[in-house]
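**Q** I am attaching a structure below and will ask some questions about it afterwards.
Values quoted throughout were computed directly from the atomic coordinates according to the rules given, and no laboratory measurement underlies them. Values in this document were obtained by computation on a predicted structure and should not be read as measured data. FYI the Cβ positions are ideal-geometry reconstructions off the backbone, even for glycines, and counts take in every protein chain you see.
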Amino acid sequence: MTIRVGLVGVGNCASALVQSVEMHKHQPKLDPPAILARVKNYTPRDIVFTSAFDIDARKVDLDLSEAIFQPPNNAAVIFKPPRLGAVVRPGPVLDGVPGGGLVSKIVEGTVDDVVRELHSTNTEILVNYLPTGARKAAEAYAEAALRAGVAFVNAMPAPVTSSAHWQKRFAERGVPLLGDDTQNQIGATVLHKSLIRLLALRGVRVRRTYQINIGGTPDFLNLMYRHDDKVASKTAAVKTMAEGQEFDAYIAPVAYIRFLGDRKIAHMLIEAEIFGGLPVRIEVTLEVHDAWNSVAVVVDAVRLAKLALDRGIGGPLLSASAWCFKNPPVHMSPEEAYRAVLEFIDGKRDR
Ligand SMILES: NC(=O)c1ccc[n+]([C@@H]2O[C@H](COP(=O)([O-])OP(=O)(O)OC[C@H]3O[C@@H](n4cnc5c(N)ncnc54)[C@H](O)[C@@H]3O)[C@@H](O)[C@H]2O)c1
């Protein structure tokens, strides 16, 4: 069995994904890089990288196995994959260029070039890892996927899967759509959501909360210049966990600190009240290797997209999107999303 995957944006997340999947193929005793133990019979080892797109001259025309280690990528290097046979091709630039002068020499392709490459490589699923803020570029690649009949997994926060326009178009064409914005395996969003959900379930009134994030990746540098979509995606994820409660939430990336490298540190504060209006204060600090923290979730998303392709299901996958992403068409708590996605796998719900 194979799952033929293409990547848009060969940055840190692509690097961690490719390293993990290939490492798992070469070291079968390792724990699989996935959260869901079973997605029918698909395992992470079934993933084959067939195409890749970028606009940075340092990455274009290289085999994916080499492109993932080019600057400015700084994800931890744990495994050096052998040559993969997927060569990075240029795609539409539009608003893709990240902020902070990260890319100095640009190579450009067209949507037609992307469609042709997807066809000629028999790519089945396209994972979008463009920089935050690249809304037009994200839509250009969604268009290419749609035209090529390739499932689209939107791992970044541009509103694609959460947009009625794209939901309708993917449904009409019978092509699976998942997203938006990866919810990391144990990231600030899922932790923050779970705490707010717990407080709401226990009848505690949330009054105000913040989540501030710092890191040293190119993603963080870009976020210093354009973070509106990321803030919207993270805020919606947290606020929807306390139904009927109104509270202030400030959620933002606040600093790019170069020496942190691929580490991300999130600080969360929640101020709430129990019965009698008495105060509760919760503070949490989370430190993770950001890109590696997204791998298991994207491996789940890709296997769920493949299942939808097998079953001829098109349009937004609601349960898979709620399980894997911060800003899905329908928000669910982690437990609800887990139950829903297992029902989808077992064929008890069609999306
Ligand atoms: N754990 C995580 O790191 C995580 C979690 C959730 C969401 N995300 C989101 O995933 C996205 C990717 O994160 P990353 O850390 O890999 O970012 P990155 O900056 O390391 O990589 C982005 C890549 O996209 C390329 N690019 C820019 N414009 C392009 C275009 N028009 N066409 C093709 N390629 C283009 C860049 O050259 C770069 O290689 C970001 O939007 C990020 O916010 C990341």
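**Q** Quick check: pseudo-label points 7 Å beyond the Cα along Cα→Cβ at residue 23 and residue 224, how many nm apart are they?
**A** 2.9 nm
**Q** Could you work out how much longer the chain between residue 122 and residue 258 gets when fully extended? Use 0.36 nm per residue separation minus the Cα distance between them, nm to one decimal.
**A** So the extension gain works out to 45.1 nm.
**Q** Take the Cα radius of gyration of region 188-289 and divide it by 2.2 N^0.38 Å, with N its residue count; two decimals is plenty.
**A** Ratio of Rg to 2.2 N^0.38 Å for region 188-289: 1.13.
**Q** Gain in length, residue 311 to residue 78, computed as 0.36 nm per residue apart minus the alpha-carbon separation, to one decimal in nm?
**A** Details: separation 233, 0.36 × 233 = 83.88 nm, distance 3.55 nm.
This chain segment gains 80.3 nm when fully extended.
**Q** Can you run phi through the Karplus equation (6.51, -1.76, 1.60; θ = phi - 60°) for region 308-317 and list ³J(HN,Hα) in whole Hz, with x for Gly and Pro?
**A** Each residue's phi maps through the Karplus curve to give 5, 4, 4, 8, x, 9, x, x, x, 8 Hz.
**Q** Would you mind ranking 161, 110 so that the residue whose beta carbon has the fewest other beta carbons within 10 Å leads the list?
**A** 110, 161
**Q** Tell me which lysines have Cα within less than 17 Å of residue 136's Cα, excluding those fewer than 8 residues away on the same chain?
**A** Hits, sequence-local ones excluded: 230.
**Q** Please order 23, 1, 156, 332 by the number of other Cβ within 10 Å, starting at the fewest.
**A** Result, fewest neighbours first: 1, 23, 332, 156.
**Q** What FRET efficiency do you get for residue 136 and residue 194 if R0 is 30 Å and r is their Cβ-Cβ distance, rounded to the nearest 0.05?
**A** The pair residue 136/residue 194 has a calculated efficiency of 0.30.
**Q** Going by C-beta contacts inside 10 Å, put 202, 197 in order with the fewest on the left.
**A** 202, 197
**Q** Further question: Near residue 289, within a Cβ-to-Cβ distance under 10 Å, what is the net charge of the other residues, with Lys and Arg +1 and Asp and Glu -1?
**A** Numbers: positive: 263, 264; negative: 262, 287, 290.
Within the 10 Å Cβ shell, the charges total -1.
**Q** Taking the dipole about the Cα centre of the chain, with the C-beta of Lys and Arg at +1 and of Asp and Glu at -1, give me whichever of 314, 174, 201 is farthest to the positive side.
**A** Highest projection toward the positive end goes to 201.
**Q** Kindly state, to the nearest 0.05, the FRET efficiency for residue 57 paired with residue 343, given R0 = 56 Å and r defined as their beta-carbon distance.
**A** On the way: r = 46 Å, r/R0 = 0.82.
Approximately 0.75, to the nearest 0.05.
**Q** Which value, in debye to the nearest 20, describes the size of the charge dipole of the chain about its Cα centre when Lys and Arg Cβ atoms bear +1, Asp and Glu Cβ atoms bear -1, and nothing else is charged?
**A** Rounded to the nearest 20 debye, it is 480 debye.
**Q** Once you have a ≥ b ≥ c as the square roots of the Cα gyration tensor eigenvalues for region 273-351, tell me rounded if a/c is under 1.5, and otherwise prolate or oblate according to whether a/b is larger than b/c.
**A** Oblate shape, in that a/c is at least 1.5 and b/c is the bigger or equal ratio.
**Q** For region 68-214, just the Cα set please: Rg and Dmax, both in angstrom.
**A** Final numbers for Rg and Dmax: 18.5, 56 Å.
**Q** If you don't mind, there's one more thing I want to ask. Using the structure shown, select from 40/80; 59/80; 326/348; 80/326 the pairs with a Cα to Cα distance greater than 27 angstrom.
**A** Beyond 27 Å between Cα atoms: 40/80; 80/326.
**Q** Any chance you could give the angle, 0 to 90 degrees and rounded to 10, that helix 111-120 forms with the longest Cα principal axis of the chain?
**A** Between helix and principal axis, roughly 70 degrees.
**Q** Related question: In degrees, nearest 10, range 0 to 90: what is the angle between the Cα axis of helix 228-239 and the longest Cα principal axis of the chain?
**A** Relative to the chain, helix 228-239 is tipped by roughly 50 degrees.
**Q** Ranking request for peptides 179-186, 162-169, 277-284: highest mean number of other beta-carbon atoms within 10 Å first, then the rest in descending order.
**A** Values: 179-186: 24.5, 162-169: 17.0, 277-284: 10.8.
Ranking, from highest mean packing down: 179-186, 162-169, 277-284.
**Q** Charges on Cβ only, +1 for Lys and Arg, -1 for Asp and Glu, centred on the Cα centroid of the chain; of 11, 111, 289, which one is farthest towards the dipole's positive end?
**A** 289
**Q** Another question, if that's okay. For the chain, place one equal point scatterer on every Cα, skip the solvent, and apply the Debye formula. What is log10 of I(q)/I(0) at q = 0.07, 0.09 Å⁻¹?
**A** Per q value, in the given order, log10 I(q)/I(0) is -0.27, -0.45.
**Q** Check the straight Cα-Cα distances from residue 234 and name the aspartates and glutamates below 12 Å, setting aside those fewer than 8 residues away within the same chain.
**A** 180, 181
**Q** Same structure, new question: Can you tell me the 0 to 90 degree angle between the C-alpha axis of helix 164-173 and the longest principal axis of the chain, rounded to 10?
**A** That helix lies at roughly 40 degrees to the long axis.
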